[in-house]
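K.L.:
First the structure, then my questions, so here it is.
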Amino acid sequence: MKITYISVAAISGLILFGAGCSNSNNPSTAAPTGQTQATEQTQTEIATGDALHACDYLTPEIAAHLIGPVKEPKENNSSPTVSTCTYGTSGDKIGAATLLMRRSLSDAEAMTNNTGAEAESKKISGVDPVTIPDLGDHAYWAGGNLNQLNVFRGRDWFIISAYSNEYNKDKAIEIMKEILAKD
């Protein structure tokens with residue numbers, strides 16, 4: 001049963017992650033002329049030491065505030081710009097928490113992801129996203145079928161989701177503030 005919760009949390013995050021991704025083959029989201037070199041330089045910089053590690057942000061202590069006592073995390077770093085960290089609960093309590101992070105390679109890509117993700121949120125969650133003021137550069141709660149908090153800060157996109165009786169929008173905001181304070 002715990003595996004189901006972890007899988008659902010990870011899949012939900014990946015669905016929203018995919019909804020906001022830019023497509024470099026689409027002229028409306030391709031990098032403007034002159035940005036290609038800067039993007040390649042950023043990819044090299046990220047690959048050589050600035051790769052994301054979501055478990056650096058969603059620590060065992062923070063996850064425990066969200067879902068109770070936790071097992072060792074499972075981190076997936078599919079590329080230097082994408083990372084997920086998932087904790088399952090230990091003991092009799094069933095729950096899971098996942099932080100998905102994505103780093104855009106340019107400011108333009110970050111803007112596209114931000115706009116695209118929020119626009120797709122209603123389609124995926126079934127409800128209007130709720131803007132959360134004073135959290136990162138822009139944040140919204142995707143309730144309904146997702147129950148995820150999405151926060152954009154600079155070029156980073158943080159998505160937190162959890163499955164626990166205590167998890168709700170206010171709890172997600174509280175936890176995200178702890179996560180963002182890690183920098």
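The values are calculated or read from the model by the stated rules, or taken from the named source; none is laboratory data. In this text the structure is predicted, and so the values were computed from the model without any measurement. Cβ coordinates were reconstructed from backbone atoms using ideal geometry, including for glycine residues, and neighbour counts include every protein chain displayed. Ligands, DNA and RNA are stripped out before the accessible areas are found, and what is left, the full protein with its side chains, is counted by its heavy atoms. Shrake-Rupley method; radii C 1.70, N 1.55, O 1.52, S 1.80 Å.
K.L.:
What do you reckon, is T98 within 13 Å of the chain's Cα centre (by Cα) and of a type outside the set (D, E)?
P.N.:
Taking the combined requirement at face value, the residue satisfies it.
K.L.:
Failed condition for W157, given (1) assigned to a helix (DSSP H, G or I); (2) in contact with a Lys or Arg (Cβ under 6 Å, 6 or more places away or on another chain), with all others met?
P.N.:
Among (1) assigned to a helix (DSSP H, G or I); (2) in contact with a Lys or Arg (Cβ under 6 Å, 6 or more places away or on another chain), W157 violates only (1).
K.L.:
When the residues of the stretch 123-153 are narrowed to those that are open to solvent by 20 Å² or more (accessible area, probe 1.4 Å), assigned to a strand (DSSP E or B) and among the hydrophobic types (A, V, I, L, M, F, W, C), which ends up farthest from A54 (Cα to Cα)?
P.N.:
Within the stretch 123-153, the match that is farthest from A54 (Cα to Cα) is V130.
K.L.:
Between P80, P69, P73, which is free of Cβ contacts under 8 Å to residues at least 40 places away in the same chain, farther than 17 Å from K182 by Cβ and in contact with a helix residue (DSSP H, G or I) (Cβ under 6 Å, 6 or more places away or on another chain)?
P.N.:
Answer to the check: P80.
K.L.:
Another question, then. Give the stretch 160-173 a look and list any residue that's over 24 Å from S104 (Cβ atoms), part of a strand (DSSP E or B) and not small (G, A, S), or say none.
P.N.:
Matches in the stretch 160-173: Y163 only.
K.L.:
Would you say A108 is open to solvent by 10 Å² or more (accessible area, probe 1.4 Å), modelled with pLDDT under 90 and hydrophobic (A, V, I, L, M, F, W, C)?
P.N.:
no
K.L.:
For the stretch 85-103, enumerate the residues that are in contact with an Asp or Glu (Cβ under 7 Å, 6 or more places away or on another chain) and open to solvent by less than 30 Å² (accessible area, probe 1.4 Å).
P.N.:
Matches in the stretch 85-103: C85, M101.
K.L.:
In the list A54, A38, which residue meets the criterion of being open to solvent by less than 90 Å² (accessible area, probe 1.4 Å) and modelled with pLDDT under 50?
P.N.:
Matching residue, one of A54, A38: A38.
K.L.:
While we're here: Specify the residue that is surrounded by the fewest Cβ atoms within 10 Å (Cβ to Cβ); the eligible residues are those in the stretch 154-183 that are under 28 Å from P80 (Cβ atoms) and acidic (D, E).
P.N.:
D183
K.L.:
A further question follows. Answer yes or no as to whether L66 is buried (at least 19 other Cβ atoms within 10 Å of the Cβ), assigned to a helix (DSSP H, G or I) and more than 14 Å from the chain's Cα centre (by Cα).
P.N.:
When the stated conditions are applied, L66 passes them.
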